[in-house]
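Written below as structure tokens is the structure these notes are about.
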Amino acid sequence: MKESRASEKKSERTSAQEKSFRRLLQDIAEHAATVALGKIKADRKGWQRAIESGDELREGVTDKVISMVGEVSASRLRYVNSVPMSASEDVVLTEQLLREKYNVGWRGDNFARLFLGKTLKGAPAGMVAVNQLKEYSTNQQLKDELGNEAVTPFASMLSLVEKQRNGETGSLLVNGWANLVLVEVEGELWVVLVYWYFYCRCWGVGAYPLENPRRWRDGYQILSCDS
């Protein structure tokens, strides 16, 4: 599976991370030895057999560590593709504009408060990555996963909505599942969702603050900058 440039950069561990990981494993080994000495019930012959089986124990513990580290370090996201975006200009968002240009037929209260009647800053030309959630994730977990590429202009999301204004197949999901984007509004971070209402044949939009505990399901998509 192809990985985005952002994912490739994040996959490289630093020397500081390697040192920290080694210290962590050393602490774990000391902790495990202390707990084992206190809880394992064995006589002298049993302990001697355990010592003589050191190589087997070492390999078994190593395999378990590799498995567990692989699980906890795996990305929550699967890179789907990157989409070229043309530059867009600043625009004042109104209900009429959302309805006529983007076919948005429903919007939440948070979204209305954040965007309606206000100037939406345009976005420069560039690439936007589409990522699929592999597991249930909160707003904060998605931000942490995407790192420096997390905050993305909402104008980029609207450009994709315009291309699929009538539910056409494209980069955005049109099966009723959410397409997400993390945006900054007046210094605060929000997750904005866009989804296709199949029966109404229009788009719906909403917004949740970063600290909202809601967990987004696997299969949803989130946009990010692909630099």
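The values are calculated or read from the model by the stated rules, or taken from the named source; none is laboratory data. Please read all numbers here as calculations on a predicted model, not as lab measurements. Positions of Cβ are backbone-derived with ideal geometry, glycine not excepted, and every protein chain shown enters the neighbour counts.
Summary of values
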quantity	calculated
Residue list for the range 129-144, restricted to those being buried (at least 19 other Cβ atoms within 10 Å of the Cβ) and under 17 Å from Ala74 (Cβ atoms)	Asn131, Leu133, Ser137, Leu142
Qualifying residues in the range 179-192 (those that are touching a residue at least 12 places away in the same chain (Cβ under 8 Å) and farther than 21 Å from Leu77 by Cβ) - the one surrounded by the fewest Cβ atoms within 10 Å (Cβ to Cβ)	Glu188
Tally of residues being surrounded by 10 or more Cβ atoms within 10 Å (Cβ to Cβ) and either assigned to a loop (DSSP other than H, G, I, E, B) or among the acidic types (Asp, Glu) (or both) across the range 30-51	3
Neighbours by Cβ (under 8 Å, 6+ apart or cross-chain): first from the range 83-104, farther than 16 Å from Val192 by Cβ and assigned by TED's automatic domain parsing to the domain that holds Thr152; second acidic (Asp, Glu) and in a helix (DSSP H, G or I)	Lys101/Glu162
Selection within the range 65-76 - closer than 16 Å to Arg22 by Cα and either of a type outside the set (S, T, N, Q) or in contact with a Cys (Cβ under 9 Å, 6 or more places away or on another chain) (or both)	Val65, Ile66, Met68, Val69, Gly70
Any hit, the range 81-98, residues being touching a Lys or Arg at 6+ places or on another chain (Cβ under 6 Å) and closer than 21 Å to Thr152 by Cα	yes
Criterion: touching a residue at least 24 places away in the same chain (Cβ under 8 Å), under 20 Å from Leu77 (Cα atoms), charged (D, E, K, R) and in the same structural domain as Asn131 (by TED's automatic domain parsing) - qualifying residue of Glu162, Glu211	Glu211
Flag if Tyr195 is in the same structural domain as Ser82 (by TED's automatic domain parsing), more than 21 Å from Ser75 (Cα to Cα) and modelled with pLDDT under 95	no
Scan of the range 105-131 for residues that are free of Cβ contacts under 8 Å to residues at least 60 places away in the same chain and among the aliphatic types (A, V, I, L, M), ordered by number	Ala112, Leu116, Leu120, Ala123, Ala125
Residue within the range 132-152 that is among the small types (Gly, Ala, Ser), touching a residue at least 24 places away in the same chain (Cβ under 8 Å) and in contact with a Pro (Cβ under 6 Å, 6 or more places away or on another chain) present	no
Which listed residue is out of contact with any Phe, Trp or Tyr (no Cβ under 7 Å at 6 or more places or on another chain), within 27 Å of Trp216 (Cβ to Cβ) and surrounded by 11 or more Cβ atoms within 10 Å (Cβ to Cβ), from Val61, Val83, Val91, Val104	Val83
Scope the range 144-193; condition more than 17 Å from Val91 (Cβ to Cβ), among the aliphatic types (A, V, I, L, M) and more than 19 Å from the chain's Cα centre (by Cα); matching residues	Val174
Test: Met85 is within 23 Å of the chain's Cα centre (by Cα) and at pLDDT below 90	no
